[in-house]
Amino acid sequence: EKINAVYRIMLALYFIHHSNSIHRDLHPGNILYLQSQNYWYISDFGFCGPVDKPLKSIYGNLPYIAPEVIVGKEYTFASDIYSFGILMWEISSGQIPFKNYEHNYYLAMNIVNGMRPKIPPGIPQEYIKLMKQCWDADPLKRPNIVTLGKEIE
C-alpha cells in the first residue's frame, strides 16, 4: 500500500516534469488522495512553473526544501526529487521529518550540512537506497523522474 502511494505520487510528479515544469513546493500538505479512485494527486501549483522561469525565493516546508535551494540556488527538477525523497521517508516511517526541531536557521543549516531524517528499522534496503539517492546533497547524483519511475516499478 505504501509502495503504491509512492508510485502514484511519482507518476503525478512525472506528469509535472514531463510538461517541463517544476512543482517547487512538494510536501504532504500538497498531496491529495481520492479514495473512490484509489489515486494520489499533487496539488497547489502556486509555485509550479516552467523550468525556464526560475524562482530564486525559498518557498515551502523546510524539511522538504533541497539543500541547494536553501543556500540560494534556483529550483530544478532535482529539487523536486529531493522533496520526493523526504516524502518517501515520511510515507515509509509514518512520521513527520524533523518533528522535534524548530524550523529555523539551525535546521536549515543542518540540512545543508547533510542531516537527513533517521531511517527506522524494517524498511527494505532497495527502498532505502532509492530514498537516499533522492535526497543526496549533490543534485547531479539524484535520479531524474524517468529513472525514479523505473526503480520504483
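Read-outs: derived from the displayed coordinates by stated rules, not from any lab. Treat the numbers as computed from the prediction; the structure is a model and nothing was measured. Every residue, glycine among them, receives a Cβ derived from its backbone with ideal geometry; neighbour counts consider all protein chains shown.
Quick notes on this structure:
- Simple spin-label estimate for residue 93 and residue 133 in nanometres, 7 Å along Cα-Cβ: 2.1
- A Gaussian network model of the chain, with springs between Cα atoms under 10 Å, assigns the largest mean-square fluctuation among 92, 36, 21 to 36.
- Order of 89, 40 - criterion: other Cβ atoms within 10 Å of each residue's Cβ, fewest first: 40, 89
- This ranking places 8, 24 by how few other beta-carbon atoms lie within 10 Å of each, fewest first, which gives 8, 24.
- If R0 is taken as 25 Å, the Cβ-Cβ distance between residue 126 and residue 14 corresponds to a FRET efficiency of 0.80.
- Packing-based exposure ordering (other Cβ within 10 Å, fewest first) of 147, 76: 147, 76
- Length released on extending from residue 73 to residue 107, taking residue separation times 0.36 nm less the Cα-Cα span: 10.5 nm
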